[in-house]
Amino acid sequence: MSDVLTASDTPHVRAENFSVFYGAMEAVRKVTLDISRGNVTAIIGPSGCGKSTFLRAINRMNDLIPACRTAGRLLFDGWHIYDPQVDVVALRQRIGMVFQKPNPFPKSIFDNVAYGPRLRGCTRRNELAEIVERSLVRAALWDEVKDRLHENALRLSGGQQQRLCIARALAVDPEILLMDEPTSALDPRATTRIEDLIGELRGSYTIIIVTHNMQQAARVSDYTAFFYEGDLIEYGATTELFSRPRSKQTEDYITGRFG
Amino acid sequence: MTSRHILDRLTSAVVRTLAFAVVLFALALAVGLYVKSRPVLYTHSLMQLLCTSAWRPRQGEFGFLPFIAGSIAVTSVAMIIAVPLSLLSAVYLAEYAPTRVRESLKPIIDLLAALPSVIFGIWGVVAIVPVVKQLGQWCGRPTTGYTVLAAGLVLAVMVLPLIISVTMDVLTAVPREAREAGLALGATRWETTRHIVLKCAAPGIVAAIILAVSRAWGETMAVLMVAGNVTRLPRSLFDPAYPLPALIANNYGEMMSIPRYDAALMFAALLLLVLVTVFNLGAQLLLFRVSRRWQ
């Protein structure tokens, strides 16, 4: 590593011997990796391998779980995410998240997307309308909903709901977008739309996506991390990892021998 | 047809019959009360019964207004006190309290909700009535303490655990995903609770309040012991009240020599039944409208 780091050289997220415990169970074990800016990084691995836990550590969603604690260092832009001084609310505005099950609020489409900006004190009608439109356009949902922005979001289809959740996350202008198996509850067509969308968002945001679907990881990501039983087994460029895995376990997993 | 099919048909027939029987029983109750209260309905118009306040059974005057007003007054006071307090307690216990606090308090609250009402009545006489008497003196309204306020307070304490318990269950049932969605957008815990969790839980919370209103409305013993039971339209918190259930409980079986007296008490019971049913149906309709808007 060079002594002088420009902003784009600093990893956007860096884990150094980072562990997450649930009680006595070490769900993520001494993971060290750098996630680069503006790329799509996929985290793969069998169920229970710690991939979701690691993802949720990045915006401190695990704080909700009482027995959860961490060790080691996790840095966002060089800042300690688990520093007691960190303002979790501000952190989560810079690190957005999309969940496994689409979870729109029981509000209108407009109010769903405007929720984040309103929290930050944006009340001007024009400004909100502009943010809502921009976010929905970015999430490739605008054309489908522009005539019914004030309808209840729960009336949308599952795939539309998930894109709405992406729009909602984008509306607060995050730098990082965490996606926790965002297509596992969707049908193949909706899945393709989300994958296309991830491709369009690449470059503007750092995207970290957890997926149980290896083809998906291969299709959408620049880098892939393979987790197994809490350990980071292998991490590298996606094309490398899928064509020339260095570890036997990775090879077994991606060729479908277990998982 | 195999025996399994026969059993299947038999079971559905039995459960259907039982379900209808329950509804029929409620209807039979209403019809029975109506039949028994007919004597007083023949001689008095509904207007006279519901909207006048003269209660002189010996002279054949039956004005139910003081009792209806008494019931509405004590129930309203109880709700005004109990609803905000219990909702805040439930939010604390379900959303903020450490698991250990929540899990040790919940059974106690459930127990309180199941306590016999006479216990609350006695506690009202011993603890609440003297306090209200004192309060009345300070406010320049000398009273015995047996008042709308005392009855409202006792009822509030009675329904508090009920609302807390049901609301806690409703809040706990809100999926974790809903909370996470708010928090992940940078909402604070209170913002998430207020904008999202309470919104998702609203139908259940309304149901909890309906339950509490119905309980307070029909409560007899605890109210009867502290309300004062004076047949007069209550005009302030420090006036005594005479709610409908207390009227029935205090007088049924006595003074039956007075003509149409028992019919009048039957009418009071019918009134109680009809009003609580109308309230419940109205609230259910409102709930249905609200929840349909969000589906």
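Every number here is computed from the coordinates shown, using simple stated rules; none is lab data. Just so it is clear, the structure is predicted and the values come from calculations on it, not from any experiment. Heads up, the Cβs are rebuilt from the backbone with ideal geometry, glycines too, and the neighbour counts pull from every protein chain shown.
What to note about this one:
- Residue pairs whose Cβ atoms lie under 9 Å apart, separated by 6 or more positions or on different chains, with the first residue in the range B:171-182 and at the interface with chain A (Cβ under 7 Å from one of its Cβ atoms) and acidic (Asp, Glu) and the second surrounded by fewer than 19 Cβ atoms within 10 Å (Cβ to Cβ) and assigned to a helix (DSSP H, G or I), are B:Glu180/A:Leu64.
- Filtered residues of the range A:215-229 (kept if touching a strand residue (DSSP E or B) at 6+ places or on another chain (Cβ under 7 Å) and surrounded by 22 or more Cβ atoms within 10 Å (Cβ to Cβ)): A:Ala217, A:Val220, A:Ser221, A:Tyr223, A:Thr224, A:Ala225, A:Phe226, A:Phe227
- Selection of the range A:32-67 for residues being of a type in the set (Gly, Ala, Ser) and within 14 Å of chain B (Cβ to nearest Cβ) yields A:Ser52, A:Ala57, A:Ala67.
- Check on A:Ala57, over 17 Å from the mean Cα position of the chain (by Cα) and not in a loop (DSSP other than H, G, I, E, B): no
- When A:Ile194 is tested against the conditions (1) closer than 23 Å to A:Asp34 by Cβ; (2) buried (at least 22 other Cβ atoms within 10 Å of the Cβ), the lone failure is (1).
- Test result for A:Arg155, in contact with a helix residue (DSSP H, G or I) (Cβ under 8 Å, 6 or more places away or on another chain) and charged (D, E, K, R): no
- Candidates B:Arg215, B:Arg194: the one that is in a helix (DSSP H, G or I), more than 14 Å from chain A (Cβ to nearest Cβ), free of Cβ contacts under 8 Å to residues at least 60 places away in the same chain and not hydrophobic (A, V, I, L, M, F, W, C) is B:Arg215.
- Scan of the range A:123-152 for residues that are away from chain B (no Cβ under 14 Å) and in a loop (DSSP other than H, G, I, E, B), ordered by number: A:Thr123, A:Arg124, A:Ala139, A:Ala140, A:Leu141, A:Lys146, A:Asp147, A:Arg148, A:Leu149
- Of all the residues in the range A:86-99, those that are more than 8 Å from chain B (Cβ to nearest Cβ) and not hydrophobic (A, V, I, L, M, F, W, C) number 2.
- Filtering B:Gly186, B:Gly228, B:Gly253 for residues that are out of contact with any Ser or Thr (no Cβ under 8 Å at 6 or more places or on another chain) and more than 14 Å from chain A (Cβ to nearest Cβ) leaves a single hit, B:Gly253.
- Residue ID - surrounded by the fewest Cβ atoms within 10 Å (Cβ to Cβ), chosen from residues in the range A:72-121 that are closer than 17 Å to B:Ile196 by Cα and among the hydroxyl-bearing types (Ser, Thr, Tyr): A:Ser108
- Filter result for the condition that a residue is surrounded by 15 or more Cβ atoms within 10 Å (Cβ to Cβ) and in contact (Cβ under 8 Å) with a residue 24 or more places away in the chain, over A:Arg14, A:Arg69: A:Arg14
- The residues on offer are B:Pro84, B:Pro142, B:Pro161, and the sole one that is assigned to a helix (DSSP H, G or I) and surrounded by fewer than 18 Cβ atoms within 10 Å (Cβ to Cβ) is B:Pro84.
- Residue in the range A:29-48 that is of a type outside the set (Ser, Thr, Tyr), without any contact (Cβ under 8 Å) to a residue 12 or more places away in the chain and in a strand (DSSP E or B) present: no
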